[in-house]
Each structure stands twice: as structure tokens, then as C-alpha cells.
Amino acid sequence: TVRGGAAVVPEEQGTLRVKDSRSLYVLREREDGKSTEFFYSLHDEPGGYIPPAAVNTIVKFSISGFLQKMYNECDNIMGGR
């Protein structure tokens, strides 16, 4: 949980703000020793209604972009193996 968000981005009237966000990352070496299993879980409590189409769009682009960046960084660390 990130604390102090209001100090970073001030709250505005009429703007929905996620009040509680929790994430879990698990990276585990597979038995073959050549790959890694990755598990990611996210739970947000927006504190109000967000249309499903907006949620789906946010999830589609933010999660996939995050995972691609993580993959690229891991690949850089491992020297492009």
C-alpha cells in the first residue's frame, strides 16, 4: 500500500481516487532451471463507480505495458540470454 499519495498528487473535487491498492509479485525458478514462473495479483478499491469499459482499458494497457518493461529489464540484467 502506498501512503501519502495526496501529498504527491493533491485531491480534486469530482475526481475519483483509489483509496486502497495492493499488489503481490511472486517470481519462482522453474524446475528446469531455465525459466522463471511469474505471478502478479492486484486489488484496487476505487472508492466509487468506474465503468467496466474504463477498467478494462486501463488494465489492458497498464498491466501489459508494465509486464513488457519488467521483461525488458530482466532481459537486460541477464544479458539477453
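The values are calculated or read from the model by the stated rules, or taken from the named source; none is laboratory data. Small disclaimer: the values here were computed from a predicted structure and weren't measured. With ideal geometry, Cβ positions are generated from the backbone for all residues, glycine too; neighbour counts draw on all protein chains shown. We work out accessible area using only protein heavy atoms, side chains counted, and drop any ligands, DNA or RNA first. Shrake-Rupley method; radii C 1.70, N 1.55, O 1.52, S 1.80 Å.
Subtracting the Cα-Cα distance of N56 and L24 from their residue separation scaled by 0.36 nm leaves 9.5 nm. Averaged per residue, the chain has 89 square angstrom of accessible surface, using a 1.4 angstrom probe with ligands and nucleic acids left out.
In degrees from 0 to 90, rounded to the nearest 10, what is the angle of the helix 52-77 Cα long axis to the longest principal axis of the chain? Between helix and principal axis, roughly 40 degrees.
Calculation over all alpha carbon pairs of the chain in 5 angstrom steps from 0 returns a P(r) of 3, 10, 15, 20, 18, 13, 9, 7, 4, 1, 0 percent. Share of carbon and sulfur in the accessible area of segment 5-60 stands at 54%, probe radius 1.4 Å. Put a dot 7 Å past the Cα of R17, heading toward its Cβ, do the same for F66, and the two dots end up 2.0 nm apart.
The chymotrypsin sites (Phe, Trp or Tyr not before Pro) of segment 26-76 that meet both conditions, a loop assignment by DSSP and at most 15 other Cβ atoms within 10 Å of the site Cβ, are Y49. Select from S35, S21, S62 the residue whose mean-square fluctuation is largest in a Gaussian network model of the chain (Cα-Cα springs shorter than 10 Å). Comparing S35, S21, S62 in a Gaussian network model of the chain, the most mobile one is S35.
Checking every one of the GluC sites (Glu not before Pro) in segment 2-73 against DSSP loop status and a limit of 15 other Cβ atoms within 10 Å picks out E11, E12, E31.
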